[in-house]
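What follows is one structure encoded as structure tokens, with my remarks underneath.
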Amino acid sequence: MDSSAQLSAVLDTVGEGIVTIDSDGTIIMVNRESENIWGYKRDEIIGRDLTVLMPEKYRSAHKAGMRRYLETHEAVVLGRRIELEGLRKDGTAFPLEIRITETEVDGALFFTAAVRDTTDIKRAAKLLHDESQLRKQNEVLLELAKNEAIEEGDLEAFLIKVTEAATRTLEIERANIWLYNDDKTKIHCIEQYETGTGKHSDGAEL
């Protein structure tokens with residue numbers, strides 16, 4: 001087994017996607033996990049430009065970054081873990097984490113990216129966030145249901161509590177409550193709360 005075959009066999013055991021390009025941006029090597037991540041077989045992707053693996057919005061920046069690095073050798077992303085998006089063979093975009101390193105062989109530069117598909121991580125984080133938000137909303141609803149302003153019939157005080165709770169629970173800057181006039185030709189803001197200033201106001205009309 002020659003050295004290139006040995007290297008390929010070793011890289012196929014790595015749990016991250018490995019993609020190597022030359023200084024022209026042409027893909028010269030990928031491992032098995034890269035095939036799993038992007039959906040391309042090796043013979044479909046080797047020899048093509050790296051931009052085929054990324055959404056359109058990244059392509060011009062990638063090419064400009066390559067040119068700039070080859071001219072100045074000022075590293076911006078080398079050696080750092082960064083979050084981007086990849087583009088699968090079926091056209092779907094997905095989140096990924098990537099770390100790029102540089103290698104020089106016989107005076108030629110090569111760049112290798114170690115890639116992790118973070119779709120499952122992002123999904124799990126969103127589920128945790130959604131569950132946390134639901135718990136917070138339930139707690140706030142329970143708090144509002146027990147509010148003394150309801151029992152005392154103090155609508156103004158209750159609406160203040162509602163808008164403050166809404167901004168806190170939904171993590172938004174402003175919350176307001178609007179009502180129609182009698183003939184439903186206009187709506188009036190009867191309560192507005194802004195977290196930045198901590199002020200309540202009313203009276204706006206649409």
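The values are calculated or read from the model by the stated rules, or taken from the named source; none is laboratory data. Predicted model only: the values in this text are computed from it and were never measured. Note: ideal-geometry Cβ built from the backbone for every residue, glycine included; neighbour counts use all protein chains shown. Quick note on the areas: whole protein, heavy atoms, side chains included, nothing else; ligands and nucleic acids left out. Shrake-Rupley method; radii C 1.70, N 1.55, O 1.52, S 1.80 Å.
Where both bridge residues fall in segment 31-123, DSSP classifies roughly 95% of the beta bridges as antiparallel.
Taking every protein chain into account, the accessible area of the chain amounts to 65 square angstrom per residue (probe 1.4 Å).
Helix screen, the chain: DSSP H segments with Cα axial length of 15 Å or more and mean Kyte-Doolittle hydropathy at least 0.0 are 155-170. Just checking the listed ones, 79, 25, 107: in the Gaussian network model of the chain with Cα springs under 10 Å, the one fluctuating most is 107.
Per-residue ellipticity at 222 nm from helix content only, as computed over the chain with -39500 (n - 2.57) for each DSSP H run of at least four residues, stands at -13000 deg cm²/dmol. For segment 51-206, the relative contact order works out to 11 percent when only alpha carbon pairs closer than 8 Å and six or more residues apart are counted. Over segment 28-95, Cα pairs under 8 Å with separation of 6+ residues give a relative contact order of 36 percent. Centre-to-centre, using Cα atoms only, segment 164-191 and segment 33-101 are separated by 46 Å. Cross-link list 57/89; 136/199; 89/126: which exceed 19 angstrom alpha carbon to alpha carbon? 136/199; 89/126, as the Cα separations exceed 19 Å there.
Taken along its three principal axes, the alpha carbon spread of segment 167-206 comes to 34, 17, 11 Å, from the longest extent down to the shortest.
When the charge dipole of the chain is built from unit charges on Cβ atoms (+1 for Lys and Arg, -1 for Asp and Glu) and taken about the Cα centre, the candidate among 70, 93, 189 whose Cα reaches farthest toward its positive end is 70. With K and R counted +1 and D and E -1, the other residues having a Cβ less than 14 Å from that of residue 168 yield a net charge of -2.
Share of carbon and sulfur in the accessible area of the chain stands at 53%, probe radius 1.4 Å. Reported value for segment 16-133: 117 Å³ per residue, from the convex hull of its C-alpha atoms. Of the residues 50, 155, 70, the one that moves most in a GNM of the chain with alpha-carbon contacts below 10 Å is 155. Among (i) 201; (ii) 106; (iii) 187, which is the computed volume of the Cα convex hull per residue in Å³? Entry (i). Summing charges over all other residues whose Cβ lies under 14 Å from the Cβ of residue 59, with Lys and Arg as +1 and Asp and Glu as -1, gives +1. For segment 87-206, the convex hull drawn through the C-alpha positions has a volume of 227 cubic angstrom per residue.
Taking the chain as a Gaussian network of alpha-carbon nodes connected by springs under 10 Å, the highest mean-square fluctuation of the residues 78, 159, 127 belongs to 159. Just for the chain, what percent of DSSP beta bridges are antiparallel, to the closest 5? Beta bridges within the chain, antiparallel portion: roughly 95 percent.
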